[in-house]
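Data first, discussion second: the structure below is written as structure tokens.
The values are calculated or read from the model by the stated rules, or taken from the named source; none is laboratory data. Predicted, not measured: the structure shown is a model, and the values here were computed from it. Don't worry about glycine lacking a Cβ; one is built from the backbone with ideal geometry, like all the others, and counts go over all protein chains shown. Surface areas here come from the heavy atoms of the whole protein model, side chains and all, with no ligands, DNA or RNA. Shrake-Rupley method; radii C 1.70, N 1.55, O 1.52, S 1.80 Å.
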Amino acid sequence: MDPPRAAVRVKGWLRSLRDNKQVVFMQLNDGSCLATLQIVCSPDLANFEVVRKLSTGSAVEVLGEIIASPKEGQRVELKADEVIVVGEADPSFPLQKKAHSMEYLRTIAHLRLRSNTFGAVFRVRSALAQATHEFFAARRFVYVHTPIITASDCEGAGEMFRVSTLDAEKPPRTKDGKVNYDEDFFSRAAYLTVSGQLNGEAFAHGLSDVYTFGPTFRAENSNTARHAAEFWMIEPEMAWCDLDGCIELAEAYVKHLIRAAFERCGEDMKFFDERISKGLIERLQHVLNSEFGRITYTEAVERLLASGQKFEFPVSWGAGLQAEHERYLAETLLGRPVFVTDYPKEIKSFYMRRNADGKTVAATDLLVPRIGELIGGSQREERYDVLKDVMVAAGLNVDDYAWYLDLRRFGTVPHAGFGLGFERMVMYVTGMENIRDVVPFPRTPRNCDF
Ligand code: 4AD
Ligand code: MG
């Protein structure tokens, strides 16, 4: 039986047009899904001559009837009764049928989202953001908006963008010739945040389980496929929680996001599997069905040393794990995501809780195949004296962090949390290989277009 005929009105952008003289076929897409709708236009259309000359990229509104389609691969098509040309595209519209390189598409970031790949990427990105809020809401976490402008360097890595209204050409100077930030907008030096964690910790000491989800900024000059100067981070912070609790939540959250992508963006995920990263769906299914690995930093170093593998950077206890080491651990050694725990205190941040061995901290990184570090987290140092000593030794100005130390003076509790790099998660789920291709308008060293 034929499907019932139904009168509809659709709006979208022309992906392609085929002119058969007697009839014109248009493929229309509005971004709601990967598929296009075929529009069939016959010469009885009042503006048939205009329609047949439309360029790819044009915005049109079509009134007509949905009918069964004889064409293979589509159940229905729209027989047009009226085609309204809303916004014609200049014939120079750059997204024609031929395939373009990812590099070229980055130069047209304002138009690339009208392609199959980028439509799918940004639908998945949206689904993962929405699934994030659902995940934490279901566990009764309170969503906190931590500040974007801050005076403290959470990671202590000195990779902050300055926020200032001083005249960059002629800044006011102190007597000893330094720039006088007392005269700046905030009467002190201020920066874009690298992490909402410290503020999140304050909220956890009162609201118990909280999370932030916002933009973070790093002025690190890393020109890699995994670093952006502006990226989004999800940072849960939990009072009355240790490193094990933190790891448990992280695993449940990552699995929740993978499941959400399958459930909400099934068609897009099939597209990524076929066109972007062969075997993606099977690999992610395997991740869903396996328990994440867990090894200490010390074991990881031993296994890297025993691997017989030639690495560009040498492996030794006390040195940071490089991307190549991280990928080897997750991809080759374990073949699944792995939590590495208990890193040497010298290579981790001041706020991480010192372990009893005097050498390591209760920190964890989640390493995943293809990406490397997806999550960084830790149990926080809740002991006032220990924290203060570490901060002094690290050369931090303790007065600037007085409020942070206060949390350890007024009802301190064991607490823990982590940060998940949202873009890296989108890369992991979609199989996209460069962070620049999962950010709407990427900001990287020497690039701030759009
Ligand atoms: O490991 P990081 O530096 O940890 C923190 O900022 C902690 N304060 C988080 C916390 O415990 N609340 O960063 C967390 C994650 C990394 O694992 C990585 O996925 C991502 O953020 N990330 C970046 N993503 C893209 N571009 C960059 N430049 C990134 N730097 C970190
Ligand atoms: Mg880290």
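Over 30 Å apart at the Cα level, from the set 11/255; 53/79; 178/359, are 11/255; 178/359. The C-alpha radius of gyration of the stretch 148-275, expressed as a fraction of 2.2 N^0.38 Å, stands at 1.45.
Given a Förster radius of 45 Å and the C-beta distance between residue 103 and residue 65 as r, what FRET efficiency does 1/(1 + (r/R0)^6) yield to the nearest 0.05? Could the numbers behind the result be given before it?
Details: r = 43 Å, r/R0 = 0.95.
Between residue 103 and residue 65 the formula returns 0.55.
Filter the chain for me: DSSP H helices, axial length by Cα at least 27 angstrom, mean Kyte-Doolittle hydropathy not below 0.0. List them by residue number. Don't jump to the answer; show the numbers that get you there.
Details: long enough: 116-138 (33 Å, 0.39); 243-264 (31 Å, 0.24).
The answer, listed by residue number, is 116-138, 243-264.
Distance between the pseudo-spin-label points of residue 447 and residue 72 (7 Å out from Cα toward the beta carbon): 3.9 nm. Please report the antiparallel percentage of DSSP beta bridges with both residues in the stretch 108-230, rounded to the nearest 5. Antiparallel bridges: around 75 percent, rounded to the nearest 5.
Using just the C-alpha positions of the stretch 340-407 as equal point scatterers, what log10 of I(q)/I(0) does the Debye formula give at each q in 0.17 1/Å? Taking Cα atoms of the stretch 340-407 as identical point scatterers yields -0.63. Working note: Cα atoms of the stretch 11-140, range along each principal axis, descending, whole Å: 59, 34, 28. Per residue, the stretch 1-135 exposes 54 Å² of accessible surface when a 1.4 Å probe is rolled over the protein heavy atoms with every protein chain present.
Values of log10 I(q)/I(0) for the stretch 85-213 across q = 0.11, 0.14, 0.22 Å⁻¹ run -0.75, -0.91, -1.20, by the Debye formula with one identical scatterer at each alpha carbon and no solvent. The reciprocal of the average 1/r between distinct C-alpha atoms defines the Kirkwood hydrodynamic radius, which for the chain equals 25.1 Å.
Here's the picture: charge each Lys and Arg Cβ at +1 and each Asp and Glu Cβ at -1 in the chain, and of 152, 31, 202 the one pushed furthest to the positive end of that dipole is 31. Taking the average, over residues, of other Cβ atoms within 10 Å as the packing measure, peptides 215-221, 313-319 rank 215-221, 313-319 from highest down.
Considering only alpha-carbon pairs that sit under 8 angstrom and 6 or more positions apart, the relative contact order computed for the stretch 1-118 is 25 percent. Under the criterion of Cα pairs below 8 Å and six or more residues apart, the relative contact order for the chain equals 14 percent. Roughly how far apart, in whole Å, are the Cα centres of the stretch 202-245 and the stretch 13-68? Centre-to-centre distance over Cα atoms comes out at 46 Å.
With a simple spin-label model that places each label point 7 Å from the Cα along the Cα-to-Cβ direction, the separation between residue 55 and residue 10 comes to 2.3 nm.
Carbon and sulfur: what percent of the chain's accessible surface (1.4 Å probe)?
Working: 11290 of 22030 Å².
Taking all protein chains in place, the chain shows 51 percent carbon and sulfur surface.
Arranged from highest to lowest average of other beta-carbon atoms within 10 Å per residue, in what order do the peptides 412-423, 33-44, 391-402, 61-72 appear? Display every interim value, and only then the final one.
Working: 412-423: 22.8, 33-44: 16.4, 391-402: 12.3, 61-72: 14.6.
In decreasing order of mean packing, 412-423, 33-44, 391-402, 61-72 become 412-423, 33-44, 61-72, 391-402.
For the stretch 297-431, the solvent-accessible area with a 1.4 angstrom probe is 41 square angstrom per residue. Between the beta carbons of residue 384 and residue 288, assuming R0 = 41 Å, the FRET efficiency works out to 0.45 to the nearest 0.05.
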